[in-house]
Amino acid sequence: MDDRRIIDQAIFHPGAILLKTLLITAFTGIHFVMHAFKTILVVITQNHTSELELSQAFRLASDNNARLILAIFDQSLELMRKLQFIPLEAKLEAGLNKQLEESAQSLKQRAWQHGIKAETRILAGKPRQLITGLVDEYGIDLVIKLADPSGVLARNQLTGNDLALLRKCPVPVLMMACRDQLPDYTGKIMVAIDVGDPDSDAMALNQNLLLHGLYISSQENAELHIASVWNLPSSYSTINLLEDDELYELQETTHQRYQERLDKALDKAGIKAEDKNVSIHLLKGKASHEIQRLANDVDVDLIVMGTLGRHAKGVLMGNTAENILNGVYCSILAIKPEGFVSPLA
């Protein structure tokens, strides 16, 4: 099949648009090349098995000729092994293992119906505890997971387990919202970048994120919303020492510098404010609050964002990113910076 026909036949949803990005960047030579995913891991817990996450995984595996690992995580199995003194332990564990094996076989059959020979793993424990070992063992380069239910809406707030997975997973994670409880897809995506950080890693990550957004929106004719947030570089107690004209000058200068950096980042990515279906948002305030508000007001399907922060053991998700994740309802594609090293590695 012709490469462009593969792209054109993809269906728009928070998972499929990731596939579009993958294919488009592989077929174009503009600034950035992203290699096809070779090994995809689908994280399945007993809280859910979503048609959305499975269909996306099957599509990605098929179109990229990728190895597909379906991993079933079970905490009750882990608990049984810890409580070795409980009555009928062997019988209960055998029954649970049988149920899990039947689930694994059912998943393999569903994959086979899509022409995919999937592999399955049953693991005793939580994804956040075991993900790094699986990534190393299989050479995984994408993890797909449905966000665990939390609150009235499944993505009202990420659980601690999901946040831990996003923090510790050394490869990109597509954390999918449970769309059964949310409105239809809107055909809108958002790229959240921080142009205030002059660090070279942060700037490189910004380019990666912007190019993802550009390719996705151009192929889907979707609305692309690019958001960055600025604020004054001093605390309010310090700012109160300034005269009104000095405060005005500080605000104007800070705003102008952020605008210049944003324009430079957009120009480098080949994005122009006048481009069709592109909206640029340079907001003033606290980054997490403003990104949350804009994402929910615009009603985006997917936020493409980076997980850049500093830690003694490596690079982790920053507080701003976590706060954003906890206040939006859409799916999230969390991209790691180049050279990311998991703190558990």
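The values are calculated or read from the model by the stated rules, or taken from the named source; none is laboratory data. Small disclaimer: the values here were computed from a predicted structure and weren't measured. Heads up, the Cβs are rebuilt from the backbone with ideal geometry, glycines too, and the neighbour counts pull from every protein chain shown. Accessible surface is based on the protein model in full, side chains and every heavy atom, while ligands, DNA and RNA are left aside. Shrake-Rupley method; radii C 1.70, N 1.55, O 1.52, S 1.80 Å.
Key figures for this structure:
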| item | result |
| --- | --- |
| Members of the range 88-115 that are among the small types (G, A, S) and either part of a helix (DSSP H, G or I) or in contact with a strand residue (DSSP E or B) (Cβ under 8 Å, 6 or more places away or on another chain) (or both) | A90, A94, G95, S103, A104, S106, A111 |
| Matching residues in the range 94-118 - criterion: being surrounded by 16 or more Cβ atoms within 10 Å (Cβ to Cβ) and within 14 Å of L68 (Cα to Cα) | A104, L107, K108, R110, A111, I116, A118 |
| The range 283-308, subset touching a Leu at 6+ places or on another chain (Cβ under 6 Å) and modelled with pLDDT of 85 or more, residue farthest from I226 (Cα to Cα) | E290 |
| Residues within the range 106-116 that are in contact (Cβ under 8 Å) with a residue 40 or more places away in the chain and farther than 17 Å from L134 by Cβ, tallied | 5 |
| L79, sole failed condition from (1) within 29 Å of L166 (Cβ to Cβ); (2) outside any helix (DSSP H, G or I); (3) at pLDDT below 85 | (2) |
| Residue check, H212 at pLDDT below 85 and either buried (at least 21 other Cβ atoms within 10 Å of the Cβ) or closer than 25 Å to L54 by Cβ (or both) | yes |
| Identity of the residue in the range 228-277, open to solvent by 90 Å² or more (accessible area, probe 1.4 Å) and within 20 Å of N208 (Cα to Cα), that ends up modelled with the lowest pLDDT | K272 |
| Scan of the range 93-131 for residues that are among the basic types (K, R) and modelled with pLDDT under 85, ordered by number | K126, R128 |
| In the range 97-135, the residues that are β-branched (V, I, T) and within 13 Å of Q46 (Cα to Cα) | I122 |
